[in-house]
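Notes follow once the structure below has been shown.
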Amino acid sequence: MIHVRINGKLLEAKKGETVLQLAQRNGYHIPNLCYHPSLKADGACRMCLVEVKGANAKPNSLTTACTLTVKEGMEVLLDTPEVSKHRNTILEMLMALVPDSPVLTKMAEEYGLKEIRLAQGDEVCIKCGLCVRICDEVVGAKALAMEGRGTETTFNPPFNEPPERCVACTSCAFICPVQCIPVKKTNDSITIWGREFDRLKCTRCGRALDLTEEHMALMMTRSSHLKPEDLNVCDVCSRKEVLGTMKSLVDGQITLERVGK
Amino acid sequence: MEKTFIVIPEKCTGCRTCELSCAYSHPMASGQPGNPRIHAYNTKPPLEKGIQIVCLQCDTAACMEACPAFALQRNLETGAIEVHLDRCINCHACFNACSFGNIVLDPNNRVAKCDLCGGDPKCVQFCPTGALLYQ
Amino acid sequence: MERISSPNALLDVIKKHQDARDPDKVRISVCQGTGCIASGANSVMASFESTLLEKNSSVELLGTGCHGFCERGPLVVIQPEGTLYQRVKPENVNEILDKTIGNGEVITKLLYRDEAKNTYEKEQDVPFYKHQERIVFAMNGHIDPSRIEDYLAMGGYGALAKVLLNIEPEQVIHMVTKSGLRGRGGGGFPAGVKWKSCRDAEGSPKYIICNADEGDPGAFMDRSIMEGNPHSVIEGMIIGAYAIGATKGYVYIRNEYPLALLRLENALEQARELGLLGDNILGTDCSFDITINRGGGAFVCGESTALMMSIEGKVGRPRVKWQHTAKKGLWGNPTNINNVETWANIPPIMDRGVDWFTSIGTGDVSNNPWGGSKGTKIFSLVGKVNNTGLVEVPMGISIRSIVFDMGGGIKNSQKGRTFKAVQTGGPSGGCIPEQYLDNPIDFDELTRLGSMMGSGGMIVMDDRTCMVEVARYFVDFLKEESCGKCTPCREGLRAMSEILGRIVKGQGRHEDLVVLEDLASTMSVASFCNLGLTAANPVLSTLKYFRQEYLDHIDKGECAGRQCQDLIKYTISEENCTGCTLCARKCPTKAISGEKKSLHVIDQELCVRCGVCDDVCNFNAVTILSGPER
Amino acid sequence: MDLAKVDQIVEKYGFDKNAVLAILQDIQVAYNYLPREAINKVSELLSLPLGQISSQATFFSSFSLTPRGEHIVTVCMGTACHVRGAPRVLSELERELKIDDGETTADGKFTIETVNCVGACALGPLVMVNGNYHGNIDTAEVSTLLSAYR
């Protein structure tokens, strides 16, 4: 066990975990915009700044909790004036970039950032990169790209055209901390990144599934146990089939009907 | 030896108390009850019998294999496959993958499934006819 | 040439080439560095070739690497006397061959003449060279970089033979540590310490990298080393590979350096042919080879993790260092990275020993490799200085000595131009004002002055340089070059650029300076990589030393450097104008009118403030007004 | 569009997925820019997601995604050139050719590009035309310089 102090409290840390993970596990809240537990930390947004002492840290050094691996004897302070000053400047930069985000506005209220002194832009994306990383590293569709560089950096499908490799799993839209990736769902289609996908229909009842042909194909690459005949049946029909099996076990004669709606 | 979740359709009346207890013991982040992860079906008259459907905690679980984020992990103490919502990326792959319809969507569109209430299933506790057992 | 079978055999080969080289032989060396080529050295070389052929002369003609004195190119040096001819044109070739080679006569008009009209015959007497101490550049100008024989004849690869014969890898590392050699690429990290942690790290294969992505604008010493003496870099890398236990090396070179790439590729081929690279180098059990990777024009790829990402075939953005790259670098394996100049310092250290190396420079590194700065550093002396070029000087020399002794002072001082600052360390560095001209400069002193060594760019600025504009330039440079990953660097630079853009237009506010300082302070603690952490340095150092210039822009709309186009106005003074019409003829927008021999007038509506009238005026008649007087 | 050269280039690098940057550089030399069709082809030949290629192609400043002119006029914007008047030279070029930095003239003759230092700092301001260096250029010399290529 590794011993780390957070805000003075002695905690037991697991080998290899980060300060952010340790803090979250122990109920401390460290603001962050580019961290997701299913991904390796990237250290891009820099909101999770903490102050570190001990364990060979330079005096009063600030670093990001998401990329800081615990070390024996480490002391971490979450809310020093230094941390709060720089965190607020970073938040101010983000709010200048994306002025109308309720998520950022709420953070500003929480951390006492009152004034945006920087020229305001009109973007909606805070450029945290989660969408690209989740698509690449977790979903595995690799449909999106971080393009350009400097202030012109963008996160979108390659060349900002409807993405060929996208499967419409919509995870990117879900994970986006400022919810800036629009998804349109109708009974027949899912539209994301400017591409419209047909929704598969349940082969039994014809109900629209939350699944596309492309997503199904990607899922099947994850395991040979996943078969189309299982995937394109809705949950209700799946249960009906189970019922059928059970019914024949209990009583061969009866017919079944769901209670309620 | 792990305990086993047993359904006894002969004793089920289709009263859906199990569903209610499940929904209330698994509230969403907002505090509202979630959707039940167990389903009780009753049969049409003349036979007043019911059947319950609940996650089998499969050994080779399609939901786990379909999840790209390792958000579904087996609890080694209870044997239950649990959804770790912090890791979940809401792609609904598990929801589509389960051939038994035992992954459900909460009203907030997040996936949910039976987690055996951490070893003390509330549905078993509240079943008035003893149609559910966990032993 | 034949493959060499052992280190001893290599020593014999070197001896053979050394003996074959007659130091008293008449040799014409024509600089073929990029700078001289830009000034027409190719045609001078061609002219020598054809004329010598015509005359059936046996005089040896040598196309060498960069001599450093780029300002005065094309440069031709006649050995063994060392007569330096500058700004040589093809039409001078016959005269040189007839008079100097034929009769031993010196052609005065081709000699270097300083501002005080003194002429200098010999290269080593020219002030630009006289104060230098050339270790890395020792062979530049004396060898043809495309011939390994020339390098061998100067004792090249002797250090490698010595190391393979007598020195254990650990001992090599010990020597490098004791020498106090610090990374010449910017960080100034002791090379030996880095090598040791890579050698001690678990994992195989181990890699070494030569960072030749010389991205600092205004610095070009690495280019000149690669163009002028590529084998010195290769030899340094082989010794490094032997010491560290690496089997594979990479050179990551800028795409903007086509000539350096060519020379390096050629040198690698020759080294392989001789068995200096490849399996079982010189018959030993050390195997090592080098691959070249070309960059694509991204400043951030000079950052070590970004560079490694790029070699791995990914986009060159810095990644999280969970462990030091010495332990987990390229493809997760132990990797040591040094820049070109650092690698080129290795052979001389191995050859001439630690004591010799530590006798040059500052501080005491006997117990602490950070205790001083040892050896020499090549600076690229550019900007508003008379003698631009590359100078290799001992650590601890003063800026004054570089700028005034070697650089010959400020350009156009006869027009009243004076020294204002030097900018060192590239975009991550800072501007050093006049009061520190006499400080002895080394890694630590430059950092203390709010700048840094960087790769050694030294851009001289005169009173006609606006320091706010300089800060804006660097911020805009970095705004484009930032990889775009982390918020403070990307958005901090965007915000700074907007603010500085307003100030240079005269639309600044006092609060802007506070905001600039807040942004700078956050960027320098919270950014992801060193590019972001140091990106605010040009703003911080100009705010520190030249705050008044910022205030003048804001309060009075005055640009002290007379550079900010929105704040200046060109006029022609009645007193000095002779009506020569030169400015009117040169003006690109025909904004200047006036009869011959009478006062010319600038139409302010048409004037685009390009400054060409001022550049061409021989009578100092163009004045630039700014602030209230405008 | 004839993509045979793309096949050759990719083959030359042994279909090495790590060599994307070098492959793109060679393609730019062969076609004078990076045609979209060529990028798609590289993605296909290397079985790499298009995004992995597009991110490289848009990250490095030496790549152009639009066709470039017959003559590439590159203005060095390094610090040394900057303090010696590179911005003035650039604006003069832009005036003379009536295009902005990064654009190509309507007749397809010239493209203006900027580069952050080519390492010929002693000769600033420096302009390269088709890779040939021209040092110490002042605004008055711009039109003479261009006339050689017109």
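A few notes on this one:
- Any hit, region C:137-150, residues being outside any loop (DSSP other than H, G, I, E, B) and of a type in the set (S, T, Y): no
- Cβ pairs under 6 Å, 6+ apart, first in region A:34-48 and facing another protein chain (nearest Cβ under 8 Å), second in a loop (DSSP other than H, G, I, E, B) and among the charged types (D, E, K, R): A:P37/B:D86; A:P37/B:R87; A:S38/B:R87; A:A44/C:K485
- Filtering C:G329, C:G278, C:G316, C:G240 for residues that are closer than 30 Å to A:T64 by Cα and in contact with a strand residue (DSSP E or B) (Cβ under 7 Å, 6 or more places away or on another chain) leaves a single hit, C:G329.
- Residue in region C:176-186 that is over 24 Å from the mean Cα position of the chain (by Cα), closer than 22 Å to C:I360 by Cα and of a type in the set (V, I, T) present: yes
- Of the numbered criteria (1) farther than 27 Å from C:T34 by Cα; (2) outside any loop (DSSP other than H, G, I, E, B); (3) of a type in the set (S, T, Y), the one C:S380 fails is (1).
- Taking the listed residues C:G275, C:G316, the one that is of a type in the set (G, A, S), in a loop (DSSP other than H, G, I, E, B) and within 14 Å of C:I253 (Cβ to Cβ) is C:G316, with no other qualifying.
- Enumeration of residues in region A:191-236 that are assigned to a helix (DSSP H, G or I) and of a type in the set (K, R): A:R222
- Residue that is within 19 Å of C:G506 (Cα to Cα) and surrounded by fewer than 16 Cβ atoms within 10 Å (Cβ to Cβ), where the choices are C:E595, C:E629: C:E629
- Going through (1) over 26 Å from C:T51 (Cα atoms); (2) in contact (Cβ under 8 Å) with a residue 12 or more places away in the chain one by one, C:A116 falls short only on (2).
- When residues in region C:319-346 are screened for being assigned to a loop (DSSP other than H, G, I, E, B) and closer than 17 Å to A:D42 by Cα, 9 of them pass.
- For C:E91, the criteria (1) surrounded by 15 or more Cβ atoms within 10 Å (Cβ to Cβ); (2) among the charged types (D, E, K, R); (3) over 28 Å from the mean Cα position of the chain (by Cα) hold in every case but one, which is (1).
- Selection from region C:31-88 of residues that are in contact with a helix residue (DSSP H, G or I) (Cβ under 9 Å, 6 or more places away or on another chain), surrounded by fewer than 24 Cβ atoms within 10 Å (Cβ to Cβ) and among the acidic types (D, E): C:E81
- Of the candidates C:D462, C:D444, C:D512, the single residue that is at the interface with another protein chain (Cβ under 10 Å from one of its Cβ atoms), surrounded by fewer than 24 Cβ atoms within 10 Å (Cβ to Cβ), of a type outside the set (A, V, I, L, M, F, W, C) and under 21 Å from the mean Cα position of the chain (by Cα) is C:D462.
Here is a yes/no grid of residues against (1) within 19 Å of the chain's Cα centre (by Cα); (2) within 14 Å of chain A (Cβ to nearest Cβ):
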| position | (1), (2) |
| --- | --- |
| C:R448 | no, no |
| C:S451 | yes, no |
| C:M458 | yes, no |
| C:R490 | no, yes |
| C:A495 | no, yes |
| C:G506 | no, no |
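- The lone exception for B:G79 - which of (1) in contact with a helix residue (DSSP H, G or I) (Cβ under 9 Å, 6 or more places away or on another chain); (2) surrounded by fewer than 21 Cβ atoms within 10 Å (Cβ to Cβ); (3) modelled with pLDDT of 95 or more it fails: (3)
Rundown of residues vs (1) over 26 Å from C:G35 (Cα atoms); (2) surrounded by fewer than 23 Cβ atoms within 10 Å (Cβ to Cβ); (3) modelled with pLDDT of 95 or more, yes/no style:
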site: D:Q8; (1), (2), (3): yes, yes, yes
site: D:I27; (1), (2), (3): yes, no, yes
site: D:P87; (1), (2), (3): no, yes, no
site: D:G108; (1), (2), (3): yes, yes, no
site: D:V118; (1), (2), (3): no, no, no
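- Among residues of region D:99-110 that are at positive phi, those with a Cβ under 7 angstrom from a residue that is part of a loop (DSSP other than H, G, I, E, B), sequence gap 6+ or separate chain, pair up as D:G108/D:G69; D:G108/D:E70.
- Taken over region C:401-427, the criterion of being part of a helix (DSSP H, G or I) and out of contact with any Gly (no Cβ under 6 Å at 6 or more places or on another chain) is satisfied by C:S401, C:I402, C:V403, C:F404, C:D405, C:M406, C:S413, C:Q414, C:K415, C:P427.
- Single residue of A:A141, A:A65 found to be farther than 29 Å from A:N26 by Cα and in contact with a Cys (Cβ under 8 Å, 6 or more places away or on another chain): A:A141
- Listed conditions (1) farther than 21 Å from C:A421 by Cβ; (2) among the hydrophobic types (A, V, I, L, M, F, W, C); (3) at pLDDT below 95 are all met by C:A535, apart from (1).
- Hey, C:V475 assigned to a helix (DSSP H, G or I), touching a strand residue (DSSP E or B) at 6+ places or on another chain (Cβ under 7 Å), among the aliphatic types (A, V, I, L, M) and more than 8 Å from chain A (Cβ to nearest Cβ) or not: no
- Failed item, numbered, when A:T212 is tested on (1) out of contact with any Phe, Trp or Tyr (no Cβ under 9 Å at 6 or more places or on another chain); (2) within 12 Å of another protein chain (Cβ to nearest Cβ); (3) at pLDDT 95 or above: (1)
- Condition check for C:C580: part of a loop (DSSP other than H, G, I, E, B), surrounded by 17 or more Cβ atoms within 10 Å (Cβ to Cβ) and within 14 Å of chain D (Cβ to nearest Cβ): no
- Residues in region A:176-190 that are outside any loop (DSSP other than H, G, I, E, B) and more than 12 Å from every other protein chain (Cβ to nearest Cβ): 2 in all.
- Taking each residue of region B:1-29 that is within 13 Å of B:F126 (Cα to Cα) and looking for partners that are in a strand (DSSP E or B) and not hydrophobic (A, V, I, L, M, F, W, C) with beta-carbon atoms closer than 7 Å, six or more apart or interchain, yields B:C12/B:G50; B:C12/B:Q52; B:C18/B:Q52; B:E19/B:H39; B:A23/B:P33; B:Y24/B:P33.
- C:S232 touching a helix residue (DSSP H, G or I) at 6+ places or on another chain (Cβ under 7 Å), on the phi < 0 side of the Ramachandran plot and more than 13 Å from chain D (Cβ to nearest Cβ): yes
The values are calculated or read from the model by the stated rules, or taken from the named source; none is laboratory data. All figures in this text were calculated on a predicted structure; none of them were measured in a lab. For neighbour counting, all protein chains shown are included, and Cβ atoms are generated from backbone atoms with ideal geometry for every residue, glycine included.
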